[in-house]
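Worksheet: the structure to be examined is printed underneath.
What follows draws every value from the coordinates through simple rules; no lab data is involved. Just so it is clear, the structure is predicted and the values come from calculations on it, not from any experiment. Using ideal geometry, Cβ is built from the backbone for each residue, glycine included, and neighbour counts are taken over all protein chains shown.
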Amino acid sequence: MKVRFWGVRGSIPSPGPTTQKYGGNTACIEIRVGDDDRLLIVDAGSGIRQLGNFLMANDLPKGPIKADMFLSHTHWDHIMGYPFFTPIYIPGTKLRVHGPVSFEDDPLEDVVGGQMKYRYFPINLGELASEVEYVRLKEDPRIDLGDGLILSTKLLNHPITALGYRFEYEGKVVCTCYDTEPFRNLFVTDPEDPNYDEAMAYEGEEVAIEQNLAVEEFFKGADLLIYDAQYTDAEYISKINWGHTTMEYALTAANRAGVKKLALFHHDPDRTDATLDELAADYCEPGKYGDTEVFFAREDTEFVL
């Protein structure tokens, strides 16, 4: 399995001189599987435009492009690059778009393709020359994708339905776990509060613990875990319920779960290269936070598992 980052930024593209090293494009990951380089794409943020250009130059000369795309969720920073993904305009391209949606009446095709209406974009979804199939996903412990490739999906904690993906092939595991934040007790826990209910407070705490353990079990033993780490602990205090995890929590959880490599991902749009270098000097020091190898994801870097 080969993994390449085409977009690592969160929330909104952040191009410019202060983000050139780590990259300013929003989420897009390329995964190649097996000897025939089967193509998987996770998320269609702004980074997918460059991936599309790469495929046109390197894959199309060998034959029509075939790919499976997996959307973690449908917030705009994770789908905004879809209209600029050149292969969808090329006859012969076959693309299967998998992902969750939050409203039963809205099919995935409408949610993703809704940005390709004339009021927003000059080309309508129905005008694409490629063959595109949309597959709605829910939480599922085992999906056979064929050719020995197994997918597991896990519901995450985000303001809309979001899924983590666990890809397994010939004993190697790549996991994505974003956008998400730790589950927490949503009930009143202060006994002095007039709305306090002891049973509800206890149950809420138990459920939060249970769900956080389930997420760790989901990425247990992964060779590579790509984890939401938009904030530090100090920053998170004012951003609870925004749907993102802290670097400290990601490190601790990955170590508990025996993850081999941890990619800290979904960098805050205001995070400069200089700041990420400073954070890396601390959080990525070998052995300082456990046995897991830690790094901050960078555009145009590739890992072979």
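A few points about this structure:
- Dipole orientation for the chain: of the candidates Leu279, Leu225, Thr19, Thr19 has the Cα lying most toward the positive pole (charges on Cβ; Lys, Arg +1; Asp, Glu -1).
- Estimated 222 nm signal from helices in the chain, with DSSP H stretches of n ≥ 4 weighted -39500 (n - 2.57), rounded to 500: -6000 deg cm²/dmol
- Taking packing as the residue-averaged number of other Cβ atoms within 10 angstrom, the listed peptides 26-37, 140-151 run from highest to lowest as 26-37, 140-151.
- Residues whose amide H falls under 5 Å from that of Ser130, counting only those 5 or more places apart or on a different chain, are Ile90, with hydrogens built in the peptide plane.
- Taken about its Cα centre, the range 107-194 carries a charge dipole of roughly 140 debye when the Cβ of each Lys and Arg holds +1 and the Cβ of each Asp and Glu holds -1.
- Per residue, the average separation of C-alpha pairs within less than 8 Å and at least 6 apart gives the chain a relative contact order of 18 percent.
- Cα-based helix-to-principal-axis angle, 273-283 vs the chain, degrees rounded to 10: 50 degrees
- On Cα atoms only, tilt of 48-58 relative to the major axis of the chain in degrees: 40 degrees
- Around the Cα centre of the chain, unit charges on the Cβ atoms of Lys, Arg, Asp and Glu (plus for the first two, minus for the last two) sum to a dipole of about 1420 debye.
- Three-way shape label, the range 1-57, alpha-carbon gyration tensor, a/c 1.5: prolate
- Beta bridges per DSSP with both ends in the range 3-111, % antiparallel, nearest 5: 50 percent
- Charge-dipole axis of the chain as Lys and Arg at +1 and Asp and Glu at -1 on Cβ define it, positive-most pick from Thr189, Tyr134, Ile237: Tyr134
- Of all DSSP bridge pairs formed entirely within the range 2-304, close to 50 percent run antiparallel.
- Tensor-based shape of the range 167-297 (alpha-carbon gyration tensor, a/c under 1.5 rounded, otherwise prolate or oblate): oblate
- When Ser102, Ser130 are arranged by Cβ crowding within 10 Å, least crowded first, meaning fewest neighbours, the order is Ser102, Ser130.
- For the range 146-243, a/c is not less than 1.5, where a ≥ b ≥ c are the root eigenvalues of the C-alpha gyration tensor, and a/b tops b/c. That puts it in the prolate class.
- Fewest-first sequence of Met200, Met116 by Cβ atoms within 10 Å of each Cβ: Met200, Met116
- C-alpha center-to-center spacing [the range 53-82, the range 219-264] in angstrom: 26 Å
- Angle in degrees between helix 198-218 and the longest Cα principal axis of the chain, rounded to the nearest 10: 40 degrees
- Fewest neighbouring Cβ atoms within 10 Å first, the residues Lys154, Lys117, Lys94 line up as Lys117, Lys94, Lys154.
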